[in-house]
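Below is one structure, written out as structure tokens; the observations come after it.
Nothing in this text is a laboratory measurement; each read-out follows from the coordinates by a stated rule. Computed from a predicted structure; not experimentally measured. Every residue, glycine as well, gets a Cβ built from its backbone with ideal geometry; the counts of neighbours run over all protein chains shown.
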């Protein structure tokens, strides 16, 4: 059994999703993929996921709908939100739903990996308490 963290990437744009997945795989994370929030919820129900990297704007189930559904099922995995939207509303919703970090597209590899590492480390610290 692998002790690598398992990350779910939820992004409807194939190119962006493949890029994020490549960054994470290169950093030796195990990665699952979904193209919208509904598909992502099915993955979370079927697999142990340690962290989710989620796009905001997707159809039919967007990133915030996915996060609301997670929290409604009392699943507290950390979420890193990926967006091209610079609106203050997005940041307010992130705070409301406990999003750990926000990445602006195009996603930079080093910033993503730093955010992932920090989010996973916070979970480890909380579990030791």
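Rg/Rh for segment 67-129 (Cα atoms only, Rh after Kirkwood) is 0.99.
Annotation for residue 118 and residue 6: the two label points, set 7 Å from Cα along the Cα-Cβ direction, are 2.6 nm apart.
Stretched out fully, how many nm does the piece from residue 42 to residue 126 gain, at 0.36 nm a residue minus the Cα gap?
On the way: separation 84, 0.36 × 84 = 30.24 nm, distance 2.61 nm.
Gain on stretching residue 42 to residue 126: 27.6 nm.
Look at the alpha carbon pairs under 8 Å that are at least 6 residues apart: their mean separation over the length of segment 12-129 gives a relative contact order of 23 percent. For residue 109 and residue 71, FRET efficiency with R0 = 35 Å and r from the beta-carbon atoms, rounded to 0.05? Rounded to the nearest 0.05, the efficiency is 0.75.
Sort the following peptides by mean Cβ neighbour count (other Cβ atoms within 10 Å, averaged over residues), highest first: 80-93, 51-64.
Working: 80-93: 15.3, 51-64: 20.8.
In descending order of packing, they fall as 51-64, 80-93.
For the chain, the C-alpha radius of gyration sits at 0.96 times the compact-globule guess of 2.2 N^0.38 Å, with N the residue count. Taking Cα centroids, how far is segment 46-84 from segment 7-22 in Å? Rounded to whole Å, the Cα centres lie 13 Å apart.
Which value at 222 nm does the chain reach when only helices count, each DSSP H run of 4 or more adding -39,500 (n - 2.57), with the total divided by all residues and rounded to the nearest 500 deg cm²/dmol?
Working: 5 runs with 62 residues, N = 129.
Using -39500 (n - 2.57) per qualifying helix, the result is -15000 deg cm²/dmol.
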